[in-house]
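A.B. asks: What follows is a structure written as structure tokens; I'll ask about it next.
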Amino acid sequence: SHLRTNKPSYKSDTKIYPTFHVNDYINEFGDQDAIYAFPCVCRHGNHVIGSECAFDIPRESCMIFGTMAEAWASWGYGRWVDREEAIDILAEVREKGAIHSVIHERDDCRLPVAAICNCCWDCCGILKSYNMGAVSPMYNASFSARMKDAAACKSCGICAKFCPTTALRAMNKEIQFNQDLCIGCGQCALQCPRNNIEMVPNERTVYLPLLKKSEA
């Protein structure tokens with residue numbers, strides 16, 4: 001059992017962005033010795049304990065920049081990539097269900113971008129723990145999802161499968177959407193087979209309360 005409070009158990013200055021916006025950060029960096037791609041620590045950890053990614057996302061997916069990239073390179077955990085390959089990696093993991101978390105130096109959004117984490121809710125140390133009902137995280141969101149036409153929704157449930165925060169749920173043969181839980185990752189809009197979900201700019205902080213056992 002968990003002590004339920006109104007305070008988040010995980011809080012940071014990490015920002016969540018849809019892929020079309022994340023690509024802008026990649027374009028800020030040069031072609032050589034600037035972008036370092038490496039295996040996702042969360043997915044690697046799951047692999048070590050015999051728990052493979054439910055979304056089959058490649059382990060090499062996360063990226064780090066600048067002086068921090070040089071440190072990772074000295075450890076030999078990953079490889080240098082140019083902008084084009086970095087964008088290709090983002091596109092591949094996005095299609096499979098990755099959520100893009102932009103991390104700034106010293107965990108401060110006023111400082112330059114230090115890394116982009118690309119993980120899914122089945123592997124991510126934070127989002128997986130949230131979906132298990134173990135933590136109550138807080139995220140900085142830049143967009144919100146919005147259904148274009150409720151009548152056009154066929155309640156296939158694909159959006160709910162990829163939603164990392166239970167903002168979308170397939171219940172009683174219909175899709176229920178809780179705007180308060182949306183972190184604006186864009187997975188629902190990307191995966192909707194009817195292109196019936198759009199992303200709209202909406203800067204805000206999203207607090208995800210601890211899930212009940214029945215919800216986890």
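The values are calculated or read from the model by the stated rules, or taken from the named source; none is laboratory data. Quantities reported herein were computed from a predicted structural model and do not represent experimental measurements. When we count neighbours, we look across all protein chains shown, and the Cβ atoms used for this are built from the backbone with ideal geometry, even at glycine. Please note that ligands, DNA and RNA were not included when accessible areas were found on the heavy atoms of the full protein model with its side chains. Shrake-Rupley method; radii C 1.70, N 1.55, O 1.52, S 1.80 Å.
A.B. asks: Which cross-chain or sequence-distant (5 or more) residues have an amide H under 5 Å from the amide H of K148, H modelled 1.01 Å from N in plane?
C.D. replies: Here the answer is I197, E198, since their amide H atoms fall under 5 Å of that of K148.
A.B. asks: Kindly state, to the nearest 0.05, the FRET efficiency for W80 paired with N195, given R0 = 35 Å and r defined as their beta-carbon distance.
C.D. replies: Working: r = 36 Å, r/R0 = 1.03.
Efficiency, rounded to the nearest 0.05: 0.45.
A.B. asks: If you place +1 on the Cβ of every Lys and Arg, -1 on the Cβ of every Asp and Glu, and leave all else neutral, what size is the dipole of the chain about its Cα centre, to the nearest 20 Debye?
C.D. replies: 1260 debye
A.B. asks: Can you give me the distance in nm between label points at I49 and K148, each placed 7 Å from the Cα along the Cα-to-Cβ direction?
C.D. replies: With each label placed 7 Å out from Cα toward Cβ, I get 4.1 nm.
A.B. asks: Now for a different question. Assigning unit charges at the beta carbon (Lys, Arg +1; Asp, Glu -1) and nothing else, what dipole magnitude in debye, to the nearest 20, does the stretch 68-150 show about its Cα centre?
C.D. replies: For the stretch 68-150, the charge dipole is close to 320 debye.
A.B. asks: Quick one: Cα convex hull volume of the stretch 173-216, Å³ per residue?
C.D. replies: Given the Cα convex hull of the stretch 173-216, per-residue volume reads 101 Å³.
A.B. asks: In Å², what does the accessible area per residue of the stretch 163-207 work out to with a 1.4 Å probe?
C.D. replies: Values: 2340 Å² over 45 residues.
Ligands and nucleic acids excluded, the result is 52 Å² per residue.
A.B. asks: Something else: Computing the accessible area with a 1.4 Å probe over protein heavy atoms, can you report the carbon and sulfur percentage for the chain?
C.D. replies: Carbon and sulfur together cover 51 percent of it.
A.B. asks: Rounded if a/c is under 1.5, else prolate if a/b is larger than b/c, else oblate: which is the stretch 40-117, with a ≥ b ≥ c the root eigenvalues of its Cα gyration tensor?
C.D. replies: prolate
A.B. asks: Go through the stretch 47-62 residue by residue and turn each phi into a ³J(HN,Hα) via Karplus (6.51, -1.76, 1.60, θ = phi - 60°); whole Hz please, and just put x for glycine and proline.
C.D. replies: Residue by residue, the stretch 47-62 yields 4, 4, 8, x, 10, 7, 5, 5, 9, 6, 7, x, 5, 7, 8, 8 Hz.
A.B. asks: Let me ask something else about it. In degrees from 0 to 90, rounded to the nearest 10, what is the angle of the helix 66-75 Cα long axis to the longest principal axis of the chain?
C.D. replies: 80 degrees
A.B. asks: Under the definition of Cα pairs under 8 Å and six or more residues apart, what whole-number percent is the relative contact order of the stretch 98-216?
C.D. replies: Averaging sequence separation for qualifying contacts and normalising by length gives 30 percent for the stretch 98-216.
A.B. asks: Which of the peptides 179-187, 100-108, 62-70 is most tightly packed, and how do the rest follow, judged by the mean count of other Cβ atoms within 10 Å per residue?
C.D. replies: 179-187, 62-70, 100-108
A.B. asks: Can you work out the base-10 log of I(q)/I(0) for the stretch 78-154 at q = 0.16, 0.18, 0.22 1/Å, using the Debye formula on its C-alpha atoms alone?
C.D. replies: At q = 0.16, 0.18, 0.22 Å⁻¹ the computed log10 ratios are -0.85, -1.02, -1.23.
A.B. asks: Give the average over all directions of the projected area of the C-alpha convex hull of the chain, one decimal, in nm².
C.D. replies: Details: hull surface 50.3 nm².
The directionally averaged projection comes out at 12.6 nm².
A.B. asks: Considering only DSSP beta bridges with both partners in the chain, what is the antiparallel share in %, to the nearest 5?
C.D. replies: 90 percent
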